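*Asks:* Input: one structure, supplied below.
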C-alpha cells in the first residue's frame, strides 16, 4: 500500500461524509429561521398579555 492509496482513501472517506451536507442543503438554516420567528412571535404575544395584565392591576410595580 502506497501513500497515495492512503490519501485517496482519506479523500474518499471525506467525500462520503460530506454528501450529508449536500443532502441537508439550506434546510437547517431555514429551520433555524422559522424557529426564531416562532419564538419571537410567541414571546411578543406573551409579553403583550403580561403587559395588559399589569396595566389592569394598579397595585403591581411597573
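Taken together, the values in this text are just the output of simple stated rules run on the coordinates, not laboratory data. Only a predicted model underlies this, so the values are computations on that prediction, with no experimental measurement involved.
*Asks:* What is the helix-to-structure angle for 3-24, meaning the angle in degrees between its Cα long axis and the longest Cα principal axis of the chain, kept from 0 to 90 and rounded to the nearest 10?
*Replies:* 30
*Asks:* Can you run the Rg to Rh ratio on segment 3-56? Use alpha carbon positions and the Kirkwood inverse-distance Rh.
*Replies:* My calculation puts Rg/Rh at 1.55.
*Asks:* OK, next. Roughly what angle does helix 27-56 make with the longest principal axis of the chain, taking Cα atoms, 0 to 90 degrees, to the nearest 10?
*Replies:* Compared with the principal axis, the helix lies near 10 degrees.
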